[in-house]
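Take a look at the structure set out below.
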Amino acid sequence: MTVDASIGSHNPIVSEAAAIEVLAYLITAARAQMDEAAEYAPMRLITAAQKLGGHMVPKASRPVQELLRALDTFAPTATPRADRDEYLAQLDGLCVVLADCLLALTGPVTSE
Amino acid sequence: MTAVDRAVYDALRARRVTRRMSDRAVDPETVGLVVRAAKFAPNAGNRRLQPVVAVTNGTKLRLLRLISPGMIPVPQAAVVISIDVGRAASYGFPPRAPGLYVDVGTVAATLLTAAQAAGLGACPVTSFSRAAAGRILNLPETVQPHMIICLGYPDPTGGPPPMPKP
Ligand SMILES: Cc1cc2nc3c(=O)[nH]c(=O)nc-3n(C[C@H](O)[C@H](O)[C@H](O)COP(=O)(O)O)c2cc1C
């Protein structure tokens, strides 16, 4: 496994206990999803991200903290059911915050 | 309606899942009261092929939560409803006979009402790995877990909103 060395700190940010919790969630969510409504799939991925994010909070840098705050605005039972457009907008908004976080971690990008 | 009938109806109407539970312990008698209510559930042919086990061990509860993506509460106890497929086969049920699953539902509804009567919050969970849960609970291979009912006192500070109603 390789990590992009140019983005973010290289200090360990989560413990084995935290990582195994997220791993267990992802593996069992993959199995559970086989029997569940498709609308649950994005909810599970966001919850997994929230679990990982929760463990990162104490040691995260400022740009990552901002991303984690935005991630936490998703309710634990939010699905695209009620309003698909609103859900899409919320996800797109989160992706923009993610992009800002990545840019902040990379440092100024020189134009080519 | 008599006052008792009205109280039963009001209880049904007032029940909601509890997804945020306090860390107040639930004593074993109260869990037992909930578990024993399973025998009051209507059951096809009265064969009782849905064993119900209580989980109160803290480590087991934590492990169950780790393998249950749908478990939002942090429960103080849990009740697991399974299907005994070995006994079902001995009655001549084909595998995956729908009636066996319907009876999981009737047991669940009864346990949820009993939990409410006991002052407990409850949250049914079917989003979990049955294979991993069977291993953690040391169930025989012929006993398949199908629902975990989380139990605990509601956190007075509230919790996430219930799922949207259709
Ligand atoms: C078969 C079944 C499975 C359920 N599984 C879950 C679950 O995995 N996680 C969860 O938080 N709630 C679960 N629920 C609870 C429902 O989401 C809840 O009952 C529904 O949103 C209606 O809310 P109410 O019970 O407060 O009226 C389940 C309910 C049933 C009947």
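The values are calculated or read from the model by the stated rules, or taken from the named source; none is laboratory data. The model shown is predicted, which means the values in this text are computed figures rather than measured ones. So basically every Cβ, Gly included, is an ideal-geometry build from the backbone, and we count neighbours across all protein chains shown. Heavy atoms of the whole protein, side chains included, go into the accessibility calculation; ligands, DNA and RNA do not. Shrake-Rupley method; radii C 1.70, N 1.55, O 1.52, S 1.80 Å.
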What number of residues in segment B:65-104 are out of contact with any helix residue (DSSP H, G or I) (no Cβ under 8 Å at 6 or more places or on another chain), within 14 Å of another protein chain (Cβ to nearest Cβ) and surrounded by 15 or more Cβ atoms within 10 Å (Cβ to Cβ)? 4
Does any residue of segment A:41-58 turn out to be within 25 Å of B:SER129 (Cα to Cα), surrounded by 16 or more Cβ atoms within 10 Å (Cβ to Cβ) and of a type in the set (Ser, Thr, Tyr)? yes
Tally, over segment A:63-93, of residues that are of a type outside the set (Asp, Glu), open to solvent by 80 Å² or more (accessible area, probe 1.4 Å) and in contact with a helix residue (DSSP H, G or I) (Cβ under 8 Å, 6 or more places away or on another chain): 1
Only one residue in A:ALA37, A:ALA24 is within 14 Å of chain B (Cβ to nearest Cβ) and either among the hydroxyl-bearing types (Ser, Thr, Tyr) or surrounded by fewer than 14 Cβ atoms within 10 Å (Cβ to Cβ) (or both). Which one? A:ALA37
Give me the residue from segment B:105-134 that is open to solvent by 40 Å² or more (accessible area, probe 1.4 Å) and within 11 Å of the ligand (Cβ to nearest atom) and, out of that set, nearest to the other protein chains (Cβ to nearest Cβ). B:THR126
Answer yes or no: is there a residue in segment B:75-97 that is among the aromatic types (Phe, Trp, Tyr) and within 14 Å of the ligand (Cβ to nearest atom). no
Can you name the condition, by its number, that B:ARG16 falls short on among (1) among the charged types (D, E, K, R); (2) in contact (Cβ under 8 Å) with a residue 60 or more places away in the chain; (3) part of a helix (DSSP H, G or I)? (3)
On the basis of being within 14 Å of the ligand (Cβ to nearest atom) and surrounded by fewer than 22 Cβ atoms within 10 Å (Cβ to Cβ), does B:THR157 make the cut? no
Can you tell me which of (1) open to solvent by 40 Å² or more (accessible area, probe 1.4 Å); (2) out of contact with any His (no Cβ under 6 Å at 6 or more places or on another chain); (3) away from chain B (no Cβ under 11 Å) is the one A:VAL14 doesn't meet? (2)
Does B:ALA37 count as touching a residue at least 12 places away in the same chain (Cβ under 8 Å) and closer than 11 Å to B:LEU151 by Cα? no
Selection status of B:ARG62, within 14 Å of chain A (Cβ to nearest Cβ), within 16 Å of the ligand (Cβ to nearest atom) and under 24 Å from B:SER127 (Cβ atoms): no
